[in-house]
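**Student:** This is the structure I have questions about; it appears just below.
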2 protein chains.
Amino acid sequence: MNKDYIKPDHWSIIEEGFDADNVKASESIFSIGNGAMGQRANFEEQYSGSTFQGSYIAGVYYPDKTRVGWWKNGYPEYFAKVLNAPNWIGINVFINNEPLDLFKCKSVKHFRRELNMQEGWYKRSFEATLQNNAIVKVEIFRFLSLDLDEVGAIKYDITPISDSLEIRFHPYLDCNILNEDTNWEDEFWETLNVNHQNNQAFIVSQTVKTHFHVCTAMQTQLSLNGKVIKQDKRIDSFSNYIEFQYESNTKKGETLTLTKFGGYTVSLNHNKEDLIKTSKGVLNKVAKIGFEGLLENQKETWSKIWKKADITIEGDIKAQQAIRFNIFQLNQTYLGKDARLNIGPKGFTGEKYGGSTYWDTEAYCIPFYMATKDQKVARNLLEYRYNHLEKAIENAERLGFKNGAALYPMVTMNGEECHNEWEITFEEIHRNGAIAFAIFNYCRFTGDYSYIPEKGLEVLIAIARFWCQRATYSIEKEKYVILGVTGPNEYENNVNNNWYTNYIAQWCIDYAIENIGRIKAEYDSDYIRIMNKAKLSNSEIENWKEVSQNMFFPYSEAHKIYLQQDGFLDKELVTVANLDKSQRPINQKWSWDRILRSPYIKQADVLQGFYFFEDQFTKEELERHFDFYEPFTVHESSLSPCVHSVQAAKLGRMEQAYTFYLRTSRLDLDDYNNEVDEGLHITSMAGTWMSIVEGFGGMRVKDNRLSFNPQIPKQWKAYSFKINFRNQILKVNVCQNETNFELEGNKDLDILVNNKKITITPNSLVTV
Amino acid sequence: MNKDYIKPDHWSIIEEGFDADNVKASESIFSIGNGAMGQRANFEEQYSGSTFQGSYIAGVYYPDKTRVGWWKNGYPEYFAKVLNAPNWIGINVFINNEPLDLFKCKSVKHFRRELNMQEGWYKRSFEATLQNNAIVKVEIFRFLSLDLDEVGAIKYDITPISDSLEIRFHPYLDCNILNEDTNWEDEFWETLNVNHQNNQAFIVSQTVKTHFHVCTAMQTQLSLNGKVIKQDKRIDSFSNYIEFQYESNTKKGETLTLTKFGGYTVSLNHNKEDLIKTSKGVLNKVAKIGFEGLLENQKETWSKIWKKADITIEGDIKAQQAIRFNIFQLNQTYLGKDARLNIGPKGFTGEKYGGSTYWDTEAYCIPFYMATKDQKVARNLLEYRYNHLEKAIENAERLGFKNGAALYPMVTMNGEECHNEWEITFEEIHRNGAIAFAIFNYCRFTGDYSYIPEKGLEVLIAIARFWCQRATYSIEKEKYVILGVTGPNEYENNVNNNWYTNYIAQWCIDYAIENIGRIKAEYDSDYIRIMNKAKLSNSEIENWKEVSQNMFFPYSEAHKIYLQQDGFLDKELVTVANLDKSQRPINQKWSWDRILRSPYIKQADVLQGFYFFEDQFTKEELERHFDFYEPFTVHESSLSPCVHSVQAAKLGRMEQAYTFYLRTSRLDLDDYNNEVDEGLHITSMAGTWMSIVEGFGGMRVKDNRLSFNPQIPKQWKAYSFKINFRNQILKVNVCQNETNFELEGNKDLDILVNNKKITITPNSLVTV
């Protein structure tokens, strides 16, 4: 099933040869983004083959009317949906009056795409023979500026090969845009203004209902052999479309270039009324810097990112390429500048779930961003949830909770729930736990406690309240139980006492109580402010303790394991190894009821708890639970293998850890699930990073100290990674027989290596 | 909330006074049907107020594309949906050129509707003052013939009151019909032919996709003061519409009458090519019989129905009216002539679920039809499922079952599943049990065992196979368990070991084995034929026994009750009496997760099992279970109170039994749930019958004998019912201090009254 056409390379993603069947997959893989906007690698020129056009603006969404077969009380009426935004990259090209369209050419030779991850640009080149026998060499260079994140740049070179040719460039802006995933075929955009001045054009449009105003803009310039030429242009302008038309007779061997700057300014960041002015300012600024200048900045910015985030792998070029691809895509998706944004599972590479926030952020992405960026970035991700607290409280109220209890949505864009399967929306409540855990994780890693008195405690209180109300007392068990939930393993629904959920619920309550105590003792004014706001009484806290101390955990004495849920042992416990291969993946082969009553686990569930709360269990306990549950795990979520990889490594099972690692690292590049055309699996990419750093490298933070237990797959010569720990960058290089540590910083750093304390002095190599 | 405008009457449903707010409700309540077709009580003339137009043909459906929020593997792509059929009742009326439209009249006086249940007709009359000040007295008489079930008759009388008036009648056929509940706004009908000859008109249309051909036909005649007048007419014909136009100046006090016969002939019953010819034949036949003749037949046929089915109640006219309404509607919906048809929950009175078949038929309706009609009728209902056996096997195969296991659909029109909530479609599998139970129930009541060797055993084998495959062995429990089901209480989903499901599964297996044995012994050739077809081996039967004998039943030693499902006692067991009234009905007030984890029961679940298998439990056991479960039951299904009423009566709690009875008997007439405008609750009407006959009357069949334990609510003077038992009709009349039995038949009948044997001789009164 999986595709395998990407050429191995240390720093680039490369496709060679034109295959129309790969176009949609490559549009995903070669996507570019800058945290504020992004787009699939759609061709600039017309393409009549199969394509999935997509350009997205961070934070700009549309509330599409919910589509559902059978309505359940409590479903949201509207869902925020990522919006396919107006197209600014388009450049139609005509050669001797024939449209250049790779799908219709007589031949396309030397087709090549390159996504240069080191420098952050995308290039496409080919030699095409048109139906009119004109032959052209074409090279298109494109990037989205990380510094000026409202702008991107395209350089479109055409060189006649066959003869002198009449070349026409029609760069355009197009606001006549639909979403593939619209529920009701609605149009989401309304054009307000189409405008142009000199070599700039602007379309202001607004989203229906949400009224985000967006100015889509472009500025164009024609050059011959690298020299700007003055050329008259025609302008064609319609109600939601504008194009410039340049025409030039170009001699064989000469290169005609259209340079196009374009992008968006958005009412999220500017006054609605000033958008055209703002866009003009951006374009003028970019014009001054020029294409080459902008590209230099781009390279420099990416170089800074890699300096903190790069992972090298020696002896396996495909692994090297894959891990950089994952780090690169995470950075394209989210740079942490804006607490209103988050990390969508498909980033800027597709519509489905694209742009929405899941618990993936807290459970999988935050460790990556903490370790590779300034702490402000992870803090912004926490603040995103703080800013949605009121809506999470409203959401819980709609479901019958009260007194400030919060249930964060399963899927969201703006704090409101964007999902409507009852078993997920209403019952996959463990997500609340990951949101609290991320606060703990952030403090543990960064040592920055200030977030909790400032903002975090309010979230912790609201979440603790939720769990205390959601747990109910079972007279039968003489314990508090949590009935009717879906755990991280979505292949069980509406189960009772999912161990992971009960455990994280208890932990959330205890952690809230612990922090209330600390803030009472150490942050007096914050304490008073928060207590006044939350109206939290001592008797309520006493009730929390009662619930937490009497929480029920299903346990099997026979197996000496915690049960995934009350009924787990009643299932037919046939391991995955004994399941006929023809039956897999079960989510494509089996009806839902059959999946639900099977023992098969989609992704780490009990083991997710062992991953989060590792220190609270012995290695023997981990081993027992791993050996019990992993054999039933089908890993049909892209978020599954990474946790298992980390745990296998911890158990010293490097072969198994490496196998798990392979399942995620090239998931999209090799299109294992035959769905990359819909977009990339952005959030699971953080899991790949986790497998190397926490798994193979054994990185942890213990008592404010970095700790490592380095191991290395036998297939690799060496690998290295970097950890940005409290404003110093530690580089860890693991070889088959030694590990080297290097510190970029200004003070000694004590770390643990295999539980032994070692002091690393800046700028000197320490070998263990 | 509930409406209360229907006038009490022994034999008629009467509305007096025009209220536009009641029009849609009355359209449901005054619906008429004849088993083959039916229609809401829409006005014949134009009506611009709020109305829900509906005319339906039994067995004519459309596979509408499934609408679903999140697709699950195994969902059907198309659902059969009841079709709103072409309109044949329409008669537009113009008075001095102004359309008669009750919504626009200056005044409507003496508005009255009557549905005469004794004779099977519907009459509407009023005096209207139009905007042009014309005043007319109008009376419209309508019925659908039970004998000639392809035709209905309308007599539309207009008498000028104010002055002589120019009256125009435009009787029409209209095929431009939409369904309110279309998922994708599709048109379901395509017109093939519009035709007329003399005073007859025809439109042949076909349903899209299913290609049912239907000829909608009419024949019209004008009379003055009861005498046919020859009158030229204009004809207006369009692509899917045809109307005749009659015009007459009518003097004050004279009565102009349009008589219209109309209806459908359908390719289900005739050659496609002959439909117009067939319709002509039907119209000619009816014209010969004439309106009055047809009406006489109608009265006679209904009189025969009532002779076997009537229930009288003395001392409570509203109760009397209600029970007759229920019996009347059941007979309008299904007369048992055609094994391809079944009893839809809304009959011919609305679209939603209308026409589709649920387990309601087997669990609730069959007892009524068995006791009030010839045994062929109930047998046809069994054959309906026999005819769908292949599709039920295919359905089970899609869900992973094999070797001829059958899972009947939850909702169906043609044997295919028409529902797509996974918790219902895939998990509410107990429906299979009711289908087997109906076979047992039929044999028990009628004594006709022949159905089992002829057809029933194949169904029983396929159902037993399903249960044996669906039950899985729990090593933990050392028993067979049935995981992941929804019981009759749909307020719990995906539970393990729903007692009712496990119990009926075991019973189905045992009953199949028992019948295989009997047929082997007594019906040699049938045995060979069936075993050859089913390929059933002795070892498979041994495996069935293993499953059945080791079925797990959740039980509480503390409470001495069977548990509704494994986790029931973990719930917060707050009774309905202690639930704040503002929270009810919970299905409108609570989100689904909250309902699921609550102890609240939608309809009899464990008690449904005690109802079906009454003889297998002691009265003390029934009492204990009733007292445990009923207090948690919210009865939010219209099928709930009847079972509880029967059981309360059995426990001698007549006050409670009567209270339950009241909750169903006038559900639609008084519109308790404020939804009667969508249609009537046809199948639950059989539950009302059950409450009286099985509940108050205590009717059972034991060892081929009728048995009674007559009781009477203290609010009533007396009540009587009739039982058609093995071709003799026993009338039971229960007074406050005695019960009288009368037998219409030709041989003595031994019955049990309060467990004492009594012999009833034909045509002589026996008082107990």
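**Student:** Just how many % of Cα pairs in the protein assembly as shown lie over 52 Å apart, if you round to the nearest whole percent?
**Tutor:** 44 percent
**Student:** Now for a separate question. Evaluated at 20 °C with a viscosity of 1.002 mPa s, what Stokes-Einstein diffusion coefficient in µm²/s does region A:622-768 have when Rh comes from the Kirkwood expression over alpha-carbon pairs?
**Tutor:** Using the Kirkwood radius from Cα pairs, D works out to 131 µm²/s.
**Student:** Heavy atoms only, probe 1.4 angstrom, no DNA, RNA or ligands counted: give me A:Glu273, B:Glu44, B:Glu119, A:Glu572 ranked by accessible area, highest first.
**Tutor:** Highest to lowest solvent-accessible surface, that is A:Glu273, A:Glu572, B:Glu119, B:Glu44.
**Student:** To continue, here is another question. If you take all C-alpha pairs in chain B, what percent of them are over 39 Å apart?
**Tutor:** 39 percent
**Student:** Under a point spin-label approximation (7 Å from Cα along Cα-to-Cβ), what is the B:Asp274-A:Lys477 distance to one decimal in nm?
**Tutor:** Between B:Asp274 and A:Lys477, the label points sit 6.9 nm apart.
**Student:** Bin width 10 Å, alpha-carbon pairs only: give the P(r) of region B:615-676 as whole percents, running from 0 to the bin holding the largest distance.
**Tutor:** Cα pair-distance distribution for region B:615-676, in percent: 21, 50, 23, 7.
**Student:** Here's something else I'd like to know. Send over a whole-number figure in Å² for the accessible area per residue of chain B, probe 1.4 Å.
**Tutor:** In whole numbers, chain B has 35 Å² accessible per residue.
**Student:** Check which residues have an amide H placed less than 5 Å from B:Asn42's amide H, if you skip close sequence neighbours.
**Tutor:** Amide H neighbours of B:Asn42, under 5 Å, 5+ apart: B:Gly54.
**Student:** Ok, one more. Please give the solvent-accessible surface of B:Val701 in Å², to the nearest 10, using a probe radius of 1.4 Å with every protein chain present.
**Tutor:** Only protein atoms counted, so the area is about 20 Å².
**Student:** Residue by residue through A:591-603, how many Cβ atoms from other chains fall within 10 Å of the Cβ on average?
**Tutor:** 6
**Student:** Follow-up. What is the Å³ per residue value for the convex hull set by the Cα atoms of region A:554-605?
**Tutor:** Output value, Cα hull per residue: 93 Å³.
**Student:** With the label 7 angstrom out along Cα to Cβ, how close does A:His211 come to the same site in each of the other copies, in nm, nearest first?
**Tutor:** 5.5
**Student:** Between the DSSP loop rule and a limit of at most 16 other Cβ atoms within 10 Å, which chymotrypsin sites (Phe, Trp or Tyr not before Pro) in region B:171-278 are left?
**Tutor:** Of the chymotrypsin sites (Phe, Trp or Tyr not before Pro), the ones in loops of region B:171-278 whose Cβ has at most 16 other Cβ atoms within 10 Å are B:Trp184.
**Student:** Relative to the other copies, what are the label-point distances for A:Lys376, with labels 7 Å from Cα along the C-beta vector, expressed in nm at one decimal and sorted shortest first?
**Tutor:** Going from nearest to farthest copy, the values are 8.8 nm.
**Student:** Can you grab the distance from the C-alpha centre of region B:1-72 to the C-alpha centre of region A:84-162, Å, no decimals?
**Tutor:** 63 Å
**Student:** Could you give the spread of the C-alpha atoms of region B:412-553 along their three principal axes, from largest to smallest, in whole angstroms?
**Tutor:** 44, 38, 27
**Student:** So what is the relative contact order for region A:622-768, in percent, with contacts set as C-alpha pairs under 8 Å and at least six apart?
**Tutor:** With pairs under 8 Å counted, the relative contact order is 15 percent.
**Student:** Sort largest first and round to whole Å: the equivalent ellipsoid semi-axes of region B:134-229, each the square root of five times a Cα gyration tensor eigenvalue.
**Tutor:** 33, 17, 14
**Student:** Determine the distance separating the Cα centre of region A:710-746 from the Cα centre of region B:176-235; give it in Å without decimals.
**Tutor:** 83 Å
**Student:** Nearest 100 Å², what total accessible surface is buried between chain A and chain B (probe 1.4 Å)?
**Tutor:** 4200 Å²
**Student:** Where nothing but the Cβ of Lys and Arg (+1) and of Asp and Glu (-1) is charged, how large is the charge dipole of region A:306-442 around its Cα centre, in debye to the nearest 20?
**Tutor:** 560 debye
**Student:** Measuring nothing but label to label, 7 Å from Cα along Cα→Cβ, what are B:Gln245's distances to the other copies in nm, shortest first?
**Tutor:** Reported distances to equivalent positions: 5.4 nm.
**Student:** For the protein assembly as shown, what % of the accessible area comes from carbon and sulfur atoms, probe 1.4 Å?
**Tutor:** For the protein assembly as shown, the apolar C and S fraction of the accessible surface comes to 45 percent.
**Student:** A further question on this structure: Could you size up the charge dipole of region A:528-682 around its Cα centre, putting +1 on the beta carbon of Lys and Arg and -1 on that of Asp and Glu, and report it in debye to the nearest 20?
**Tutor:** Here the size comes out at about 240 debye.
**Student:** Related question: State, in angstrom, two size descriptors of region A:675-762 derived from its alpha carbons: Rg to one decimal place and Dmax to the nearest whole number.
**Tutor:** In order Rg, Dmax, the Cα atoms of region A:675-762 give 14.8, 48 Å.
**Student:** Just how large is the dipole of region B:147-287 about the Cα centre, in debye to the nearest 20, putting +1 at every Lys and Arg Cβ and -1 at every Asp and Glu Cβ?
**Tutor:** 800 debye
**Student:** Would you compute the Debye intensity of region A:225-333 from its alpha-carbon atoms alone, equal scatterers and no solvent, and pass along log10 I(q)/I(0) at q = 0.10, 0.13, 0.19 Å⁻¹ to two decimals?
**Tutor:** -0.56, -0.86, -1.13
**Student:** Also: Give me a single rounded figure for A:560-567: the average over its residues of other chain Cβ atoms within 10 Å of their Cβ.
**Tutor:** Average per residue, whole number: 2.
**Student:** Still on this model: Quick one: which residues, 5+ away or cross-chain, put their amide H under 5 Å from the amide H of B:His196? H built at 1.01 Å from N.
**Tutor:** Amide H neighbours of B:His196, under 5 Å, 5+ apart: B:Phe202.
**Student:** Continuing with the same structure: Rounded to the nearest angstrom and ordered from largest down, what semi-axes does the equivalent ellipsoid of region B:586-654 get from its C-alpha gyration tensor (root of 5λ)?
**Tutor:** One finds semi-axes of 24, 12, 10 Å for region B:586-654.
**Student:** Which peptide among A:91-99, B:732-740, A:575-583 comes first, and what is the full order, when sorted by highest mean count of other Cβ atoms within 10 Å?
**Tutor:** Highest-to-lowest ranking by the protection proxy: A:91-99, B:732-740, A:575-583.
**Student:** Return the sequence-ordered ³J(HN,Hα) values of region A:464-477 in whole Hz as given by the Karplus equation 6.51 cos²θ - 1.76 cosθ + 1.60 applied to θ = phi - 60°, using x for Gly and Pro.
**Tutor:** 4, 4, 4, 5, 5, 7, 6, 6, 10, 8, 9, 4, 4, 8
**Student:** Expressed in nm², what is the orientationally averaged projection area of the convex hull enclosing the Cα positions of region B:707-746?
**Tutor:** So the mean shadow area of the Cα hull is 2.9 nm².
**Student:** For the rotation taking chain B to chain A, which residue of B has the Cβ nearest the axis, and how many Å away is it?
**Tutor:** B:Asn494, 2
**Student:** One quarter of the convex hull surface, Cα atoms only: what value does that give for region B:438-487 in nm²?
**Tutor:** Over all viewing directions, region B:438-487 projects a mean Cα-hull area of 4.8 nm².
**Student:** Also, I was wondering about something else. Count, for each residue of B:468-477, the Cβ atoms from other chains sitting within 10 Å of its Cβ, then give me the mean as a whole number.
**Tutor:** 3
**Student:** Next question, about the same structure. Please report, to two decimal places, log10 I(q)/I(0) for region A:190-262 at q = 0.13, 0.20 Å⁻¹ as given by the Debye formula with identical point scatterers on the Cα atoms and no solvent.
**Tutor:** Debye curve over Cα of region A:190-262, log10 I(q)/I(0) at q = 0.13, 0.20 Å⁻¹: -0.48, -0.84.
**Student:** Still on this structure, please answer the following. Run through all the Cα pairs of region B:1-126 and give the fraction in each 5 Å bin from 0, expressed as whole percent.
**Tutor:** Taking all Cα pairs of region B:1-126, the binned fractions are 2, 9, 16, 18, 16, 13, 10, 7, 5, 3, 1, 0, 0 percent.
**Student:** Need one number: the % of Cα-Cα pairs in region B:470-602 sitting beyond the 24 Å mark.
**Tutor:** 47 percent
The values are calculated or read from the model by the stated rules, or taken from the named source; none is laboratory data. Predicted model only: the values in this text are computed from it and were never measured. Every residue, glycine as well, gets a Cβ built from its backbone with ideal geometry; the counts of neighbours run over all protein chains shown. Each accessible area value is taken on the protein alone, full model and side chains, heavy atoms only, with ligands, DNA and RNA left out. Shrake-Rupley method; radii C 1.70, N 1.55, O 1.52, S 1.80 Å.
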